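These notes are about the structure you will find just below.
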Amino acid sequence: ANSCGIVGLPNVGKSTLFNAITQAGAESANYPFCTIEPNVGIVEVPDPRLNKLTEIVVPKKTVPTAFQFVDIAGLVRGASKGEGLGNQFLSHIREVDAIAHVVRCFEDENITHVEGKIDPINDITTINLELILADLESVDRRIDRLGRKVKSGDKEAKVEYDLLLKVKDALENEKPARSLDLTDDEQKMIHHFHMLTMKPVLYVANVSEDGIHEAEAGNNPYVEKVREFATAEGSAVVIISAKVESEIAEMDEEDKAMFLEELGLQESGLDRLIREAYTLLGLITYFTAGVQEVRAWTIRRGTKAPQAAAVIHNDFERGFIRAEVVAYNDLMEAGSMNQAKENGKFRLEGKEYVVIDGDIMHFRFNV
Ligand code: GDP
C-alpha cells in the first residue's frame with residue numbers, strides 16, 4: 001500500500017498530528033491489505049465524488065480508499081551514527097514512499113525546542129543531513145564494491161559507478177539525491193538502494209491554533225522561510241495546526257463541518273495533507289459501483305486496466321478479459337447508470353487501457 005512517513009525533530013508536533021490521524025482513523029476491517037502496527041495510521045482519502053456516486057447508485061455500503069501514515073519518531077541529530085533510535089528509524093523511512101516533514105512554526109515558551117530556538121531552516125537541514133549521511137554511507141559502500149568490477153573492465157558496472165559518483169558529489173554538498181535531474185534509466189539503476197533522500201518530501205508547517213489564517217496569508221515568518229526552502233527544492237508545503245487537528249479528529253462529521261466553518265476553513269489540515277501526499281505520489285482514484293458497494297481504489301497515474309484490477313484482487317489481473325468503463329463526468333451528466341448507457345457512454349476497454357482519474361470500472365475476468 002502507499003504510505004507517507006512522518007518525520008521531524010522532537011517537540012515539533014509529530015505525535016499530536018499522528019494522534020489526530022489515528023483518531024480520524026479508518027475502519028480497518030475494510031482495508032485488510034494495510035499494515036496494522038502501532039506506528040501506522042490508516043486514513044480515508046476524502047473524495048466528494050464518492051458521495052455523489054453513492055447518491056446515484058444507492059449501494060448498501062460505501063468504502064473510501066485509504067492511505068497510510070507511518071509515525072517515524074526518534075529522529076535526532078546524530079541518528080545516522082546510531083544516536084537515539086538511529087538506524088531503526090532510518091529503516092522505517094526506507095519502507096515509506098514519501099516523507100511528511102513536520103516543522104515547528106509555532107511559538108510556545110512552555111514547550112522546549114531541542115535545538116534551543118525556533119529556526120525552521122535549521123530544523124529542516126538537521127533532519128535532512130541525517131538522511132544525507134545515511135545515504136552517503138550506503139553509496140560509499142556500493143562505490144567500493146563496484147570499483148573492483150570497474151578495474152576488471154566491467155562496462156555495466158562502470159555506468160552505475162559513474163552515476164553513483166555523481167550522487168555522492170551531491171550528497172557531499174549536502175544536497176538530497178532527489179535534487180539531481182536523473183533520467184528514468186538512471187533512476188531505475190539506483191532504485192534498488194531505496195535512498196532516503198530520493199523520496200519525495202512534503203513540508204508540514206505546524207502553526208499555533210489561532211495562527212492558521214495569518215500563516216496562510218503569508219504573515220508567519222517561520223512559515224515563509226519553510227516555503228522559500230521548499231520552493232527552491234521543488235517540494236510542497238502544507239500549513240496545519242496539529243493542536244486543531246487533534247481537536248477535529250474527536251468530532252463527528254457534523255461538528256467537524258461546523259467547527260471548520262467557524263474557523264473559516266474549507267477543509268481540515270489533515271484532509272489537505274492527505275490530498276497533498278496523494279498528489280505527491282502521483283496517485284489517482286478509480287471507482288467500482290454496484291448495489292452492494294460503491295468503492296474508491298487507489299492506483300498510480302499511468303496504470304493500465306489489468307494492473308488497476310489487481311488492486312482489488314490478483315485474480316482480476318490474471319484473468320482479465322476487459323473492462324466496462326464510464327467516465328465520472330459522463331455519469332454525472334447522465335444522472336444514472338442506465339441513462340449513461342443509453343447515451344452510449346459505457347466503453348469496453350482492453351488490456352492496454354490506461355485508467356483515468358475518476359473512471360468507474362467494471363472488470364470482466366476469467367477465474
Ligand atoms: P513530537 O515530539 O514532535 O511528537 O511533538 P508532540 O506532538 O509531542 O508535541 C510537543 C508539544 O508541543 C506538546 O506539548 C504539544 O501539545 C505541543 N504542540 C504541538 N502542536 C502544537 C501547536 O500547534 N500549538 C501549541 N501551542 N503547542 C503544540
Q) How many residues are in contact with a His (Cβ under 9 Å, 6 or more places away or on another chain) and of a type in the set (G, A, S) when one looks only at the stretch 302-342? A) 1
Q.
Restricting to the stretch 216-242, name every residue that is assigned to a strand (DSSP E or B) and within 12 Å of V201 (Cβ to Cβ).
A. A236, V237, V238
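Checking the condition touching a residue at least 60 places away in the same chain (Cβ under 8 Å), in the same structural domain as C105 (by TED's automatic domain parsing) and in contact with a strand residue (DSSP E or B) (Cβ under 6 Å, 6 or more places away or on another chain), which residue from E250, E276 passes?
After ruling out the rest, the residue left standing is E276.
A quick yes/no check of all residues on (1) among the polar types (S, T, N, Q); (2) out of contact with any Phe, Trp or Tyr (no Cβ under 6 Å at 6 or more places or on another chain); (3) at pLDDT 80 or above:
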residue	(1), (2), (3)
F69	no, yes, yes
L75	no, no, no
R94	no, yes, yes
D97	no, yes, yes
E107	no, yes, yes
T112	yes, yes, no
L131	no, yes, yes
R142	no, yes, yes
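Each row is one residue, and each column tells you yes or no for (1) of a type outside the set (F, W, Y); (2) in contact with a helix residue (DSSP H, G or I) (Cβ under 6 Å, 6 or more places away or on another chain); (3) crowded, with 16+ Cβ neighbours inside 10 Å; (4) in a helix (DSSP H, G or I).
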| site | (1), (2), (3), (4) |
| --- | --- |
| E267 | yes, no, no, no |
| L270 | yes, yes, yes, yes |
| A277 | yes, no, yes, yes |
| G302 | yes, no, no, no |
| R322 | yes, no, yes, no |
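Among the β-branched types (V, I, T), farther than 18 Å from S179 by Cβ and not assigned by TED's automatic domain parsing to the domain that holds N206 - does that describe any residue in the stretch 126-136? Before the answer, list the steps.
Quick first cut of the stretch 126-136, residues among the β-branched types (V, I, T) only: 126-127, 132.
Filter again for farther than 18 Å from S179 by Cβ, leaving none.
Looking through the stretch 126-136, none of the residues is among the β-branched types (V, I, T), farther than 18 Å from S179 by Cβ and not assigned by TED's automatic domain parsing to the domain that holds N206.
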Q) What number of residues within the stretch 32-51 are modelled with pLDDT of 75 or more and surrounded by 12 or more Cβ atoms within 10 Å (Cβ to Cβ)? A) 12
Q) Can you tell me how many residues in the stretch 181-213 are within 16 Å of the ligand (Cβ to nearest atom), charged (D, E, K, R) and surrounded by 21 or more Cβ atoms within 10 Å (Cβ to Cβ)? A) 0
Q: Residues being within 30 Å of S336 (Cβ to Cβ) and not in a strand (DSSP E or B): count how many of those fall in the stretch 36-71.
A: 18
Q: Kindly provide the set of residues from the stretch 100-134 that are of a type in the set (G, A, S) and either within 13 Å of the ligand (Cβ to nearest atom) or touching a helix residue (DSSP H, G or I) at 6+ places or on another chain (Cβ under 6 Å) (or both), ordered by number.
A: A100, A134
Q) Would a scan of the stretch 210-219 turn up a residue that is over 21 Å from the mean Cα position of the chain (by Cα), more than 13 Å from A100 (Cβ to Cβ) and at pLDDT 95 or above? A) no
Q) In the stretch 226-258, which residue that is closer than 18 Å to N122 by Cα and of a type in the set (D, E, K, R) is nearest to the ligand (Cβ to nearest atom)? A) R227
Q: Identify, by number, the condition in (1) farther than 30 Å from E37 by Cα; (2) at pLDDT 95 or above that L182 doesn't meet.
A: (2)
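The values are calculated or read from the model by the stated rules, or taken from the named source; none is laboratory data. If you're wondering where the values come from, they're calculated on a predicted model, not measured in any experiment. Positions of Cβ are backbone-derived with ideal geometry, glycine not excepted, and every protein chain shown enters the neighbour counts.
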